[in-house]
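Structure, as structure tokens:
The values are calculated or read from the model by the stated rules, or taken from the named source; none is laboratory data. Since the model is a prediction, treat every value here as computed from it, not as a measurement. Counting neighbours? That spans all protein chains shown, and the Cβs are built from the backbone with ideal geometry, glycine included. Surface areas here come from the heavy atoms of the whole protein model, side chains and all, with no ligands, DNA or RNA. Shrake-Rupley method; radii C 1.70, N 1.55, O 1.52, S 1.80 Å.
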Amino acid sequence: MIYLIADTSKYEWPLATAGSLNELAEICKAEIPVICRVIRKKRTTKLFHGVPAKIYKFQED
């Protein structure tokens, strides 16, 4: 899986990417269950350095 953190502006500019949930948790300084909840419920979060952002999950080919 690849995880993309994007801002919540009109263009949804990418802020960061991660290759695993562990890496994403380290980047966001949050626990894995919190991140999973944000992804599952498609919420906007401020976990990424206080910036409003969305986290998307993509399947690798």
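When both residues are 6+ apart or on different chains and their Cβ atoms are under 7 Å apart, which pairs have a first residue that lies in segment 2-17 and is without any contact (Cβ under 8 Å) to a residue 12 or more places away in the chain, and a second that is of a type outside the set (Asp, Glu)?
Cβ pairs passing all conditions: Trp13/Ala6; Pro14/Leu4; Pro14/Ala6.
Taking segment 13-61 on its own, how many of its residues are open to solvent by less than 90 Å² (accessible area, probe 1.4 Å) and not in a helix (DSSP H, G or I)? Lay out the reasoning, then the answer.
The initial filter retains those residues of segment 13-61 that are open to solvent by less than 90 Å² (accessible area, probe 1.4 Å), namely 14-21, 23-25, 27-28, 30, 32-36, 38-39, 44-45, 47-48, 50-56.
Next, from what is left, pick out any that are not in a helix (DSSP H, G or I): 14-20, 30, 44-45, 47-48, 50-56.
Residues in segment 13-61 being open to solvent by less than 90 Å² (accessible area, probe 1.4 Å) and not in a helix (DSSP H, G or I): 19 in total.
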